[in-house]
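J.: What follows is a structure written as structure tokens; I'll ask about it next.
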Amino acid sequence: MEIYFDNAATTSVYGEVKELMVKLMEEEYGNPSSLHMKGIAAENYIKEARAELAKLLKCQEKEIVFTSGGTESNNMALIGAAMAKRRAGKHIITTKVEHASVLSTVEFLGKEGFDISYVGVDKSGKVDREELKALLREDTILVSVMYVNNETGAVQHIDEISKLIKEYNKDILFHVDGVQAFGKYKISPKQLGVDLFSISGHKIHGPKGSGMLYIRDGVLIRPIIYGGGQQKGMRSGTENVPAIAGLGLAARLVYQSFDEKIRHVRELKESFIDKVTKLENVFSNSGEAPHIASISIVGIRAEVFLHALEEKGIYVSAGSACSSNKPHVSNVLSAMELPKEYLESTLRFSFSEFNTMEEVDYTVKIFEELLGTLRRYVRK
């Protein structure tokens, strides 16, 4: 039996998406910049994906730039905005609980002469808005806050944060890493007051290597990839048509029967948390997002429990997948000031529409068995 509870790391691809992508690789393989019919056919798939995403995000088609995923979207937003606005100021604010693709990018910008400030969070992982307000300065040009935390599922009040920023200075750009939020919430960046919004395809049953950046009309950022001028010069290079079309279709499919899917995923998560936290010294650090459960198993190292579950065919992760292959203490859990014993004993269980309650119950059973075995071993 194989159970995959690591959907915040990546998801299985919808069958319809796979079929579309194979068709595009085998039949409609033209270069979308070519003027002949083969190229025009490929370009039409890009147009369809752009229209689909614009409809879902309630934005204009020209506000969408396709990328290779969340990491590139975050890099494009942060570096592009910082470079475009550096004459107006050099101060950038982000949080202590961001994904590595944001934290590493602002670290790079710091080396390029920008002044970086990090706002803290409370014990639930929510941004301290009073601290954020105090950090805003005349030379602040950019603020970046993730919508849903990839490790705990903490959900930020993006609209309220935007209001706070824009009331201070309407010209400060607000970027949101929406990778774990898109497909879990109905999102309109414009209504939220967001200028730049990042999305990744492989978190919503689309292909890896696909993503997009929403750039509000009127916002000027510098490209970070130069070449043939594709996508109106914002992201040069021949478009990855199968990935773009796959992203568009996955986005449409993930929002079909949306309320029912989210209710199902949330029931799985809440049932799992309710059952495992009844066990001795097992605690939840989970936020409100429907799909992510952060569980601390005090007294047992996360890696040990992870591999014990893996031997039983159950796949989970220890923190962010982008960092979990390296020994480290989670910056997210540290920023939340969780007890020291939680920091090395926390696993992330993340659910999708394809998981079942039977899988949850089986995992809880195995969890309890392993807990007894491993705790006896540790006590020796």
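J.: If you average over every viewing direction, what projected area does the convex hull of the Cα atoms of the chain give, in nm²? Each step should come with its number before you reach the end.
T.: Details: hull surface 76.8 nm².
Directional mean of the projected Cα hull area for the chain stands at 19.2 nm².
J.: In cubic angstrom, how much convex hull volume per residue do the alpha carbon atoms of the stretch 6-71 span? Let's see the in-between values first.
T.: Numbers: hull volume 8.0 nm³, N = 66.
Convex hull of Cα atoms, per residue: 121 Å³.
J.: Against the longest alpha carbon principal axis of the chain, how many degrees, from 0 to 90 and to the nearest 10, is the axis of helix 100-111 turned?
T.: Roughly 60 degrees, rounded to the nearest 10.
J.: Now, a different point. Contact order normalised by length for the stretch 204-306, with contacts defined as Cα pairs under 8 Å and 6 or more residues apart; what percent is it?
T.: Values: 84 pairs, mean separation 19.2, N = 103.
Averaging sequence separation for qualifying contacts and normalising by length gives 19 percent for the stretch 204-306.
J.: Moving on. Starting from the amide H of residue 180, placed 1.01 Å from N in the peptide plane, find each other amide H under 5 Å away whose residue is 5 or more places distant or on another chain.
T.: 148
J.: In whole Hz, with x marking every Gly and Pro, tabulate ³J(HN,Hα) for the stretch 72-77 from phi via Karplus 6.51 cos²θ - 1.76 cosθ + 1.60, θ = phi - 60°.
T.: Once rounded to whole Hz, the list reads 5, 4, 5, 4, 4, 5.
J.: Follow-up. Excluding same-chain residues fewer than 8 positions from residue 340, which lysines have a Cα within less than 18 Å of its Cα?
T.: The reachable lysines, counting only those whose Cα sits under 18 Å from residue 340, are 96, 123.
J.: Any idea of the accessible area per residue across the stretch 14-67, 1.4 Å probe, to the nearest Å²? Intermediate results must be reported in sequence, preceding the final value.
T.: Working: 3100 Å² over 54 residues.
Dividing the accessible area of the stretch 14-67 by its residue count gives 57 Å².
J.: Work out from phi, with θ = phi - 60° and the Karplus expression 6.51 cos²θ - 1.76 cosθ + 1.60, the ³J(HN,Hα) of each residue of the stretch 256-265, listed in order in whole Hz, and give x for Gly and Pro.
T.: Coupling constants for the stretch 256-265: 6, 6, 4, 4, 5, 4, 5, 4, 4, 5 Hz.
J.: Here's another thing I want to ask about it. Compute the whole-percent fraction of alpha carbon pairs in the stretch 138-206 spaced more than 14 Å apart.
T.: Details: 1315 of 2346 pairs.
Summing the P(r) tail past 14 Å for the stretch 138-206 gives 56 percent.
J.: Sorted by mean Cβ packing within 10 Å, highest first, what order do the peptides 185-195, 221-231 take? List each step's numbers first, then the result.
T.: Values: 185-195: 18.5, 221-231: 15.6.
Put in order of decreasing packing, that is 185-195, 221-231.
J.: Still on this model: Would you kindly find the accessible area of residue 301, with a 1.4 Å probe and non-protein molecules such as ligands, DNA and RNA excluded, rounding to the nearest 10 Å²?
T.: Rounded to the nearest 10, the figure is 120 Å².
J.: Go ahead and estimate [θ] at 222 nm for the chain from helices alone: -39,500 (n - 2.57) per DSSP H run with n ≥ 4, summed, over the residue count, rounded to 500. Before the final figure, lay out each step's value.
T.: Working: 13 runs with 158 residues, N = 380.
Helices in the chain give a 222 nm mean residue ellipticity of -13000 deg cm²/dmol.
J.: As I understand it, the value is the acute angle between the Cα axis of helix 158-168 and the longest principal axis of the Cα atoms of the chain; what does it come to in degrees, rounded to 10?
T.: Roughly 50 degrees, rounded to the nearest 10.
J.: Hey, what did the stretch 113-232 get for relative contact order, percent, Cα under 8 Å, at least 6 apart?
T.: Details: 144 pairs, mean separation 20.9, N = 120.
Across the stretch 113-232, relative contact order equals 17 percent.
J.: Something else: Would you work out the Kirkwood radius for the stretch 181-323? I mean one over the mean of 1/r across all pairs of different Cα atoms, in Å. Working shown, then result.
T.: Working: mean 1/r = 0.0543 Å⁻¹.
Answer for the stretch 181-323: a Kirkwood hydrodynamic radius of 18.4 Å.
J.: Right, next: HN-Hα J couplings of the stretch 53-63 from phi, Karplus 6.51/-1.76/1.60, θ = phi - 60°, integer Hz, Gly and Pro as x?
T.: Coupling constants for the stretch 53-63: 5, 4, 5, 5, 8, 6, 10, 7, 4, 5, 8 Hz.
J.: Amide H neighbours of residue 173 under 5 Å, counting only residues 5+ apart in sequence or on other chains, H built in-plane at 1.01 Å?
T.: Close amide H contacts, sequence-distant or interchain: 142, 143.
J.: Enumerate the amide H contacts of residue 67 below 5 Å, restricted to partners 5 or more residues apart or on another chain; note that Pro and chain-start residues carry no placed amide H.
T.: Residues meeting the amide H criterion: 211, 212, 213.
J.: Rounding to the nearest 10 and keeping the result within 0 to 90°, find how far the Cα-based axis of helix 15-26 lies from the longest principal axis of the chain.
T.: 40 degrees
J.: Here's a follow-up. Return, for the Cα atoms of the stretch 334-380, the radius of gyration and Dmax in Å, separated by a comma.
T.: Gyration radius and largest Cα-Cα distance of the stretch 334-380: 14.3, 41 Å.
J.: Something else now. Quote the relative contact order of the chain in percent (integer), defining contacts as alpha-carbon pairs under 8 Å separated by 6+ residues.
T.: Working: 736 pairs, mean separation 89.0, N = 380.
That works out to 23 percent.
J.: Would you mind finding the longest exposed-site-free stretch of the chain, with exposed GluC sites (Glu not before Pro) meaning DSSP loop and at most 13 other Cβ atoms within 10 Å? Walk me through the numbers before you get to the answer.
T.: On the way: sites that count: 2, 27, 112, 138, 280, 337.
With GluC sites (Glu not before Pro) excluded where exposed in loops, the chain gives 139-279 as its longest stretch.
J.: Can you tell me the convex hull volume per residue for the stretch 202-264, based on C-alpha atoms, in Å³ to the nearest whole number? Write out the running numbers ahead of the final one.
T.: Working: hull volume 7.0 nm³, N = 63.
With only Cα atoms used, the stretch 202-264 gives 111 Å³ per residue.
J.: Taking the stretch 74-115 on its own, what percent of its Cα-Cα pair distances exceed 15 Å?
T.: On the way: 280 of 861 pairs.
That fraction is 33 percent.
J.: Related question: Looking at the calculated P(r) for the stretch 48-202, what percent of the C-alpha pair distances fall above 20 Å?
T.: Values: 5423 of 11935 pairs.
That fraction is 45 percent.
The values are calculated or read from the model by the stated rules, or taken from the named source; none is laboratory data. All of these numbers come straight from a predicted model, not from anything done at the bench. Cβ sites come from the backbone with ideal geometry, for glycine too, and all protein chains shown count toward neighbours. Quick note on the areas: whole protein, heavy atoms, side chains included, nothing else; ligands and nucleic acids left out. Shrake-Rupley method; radii C 1.70, N 1.55, O 1.52, S 1.80 Å.
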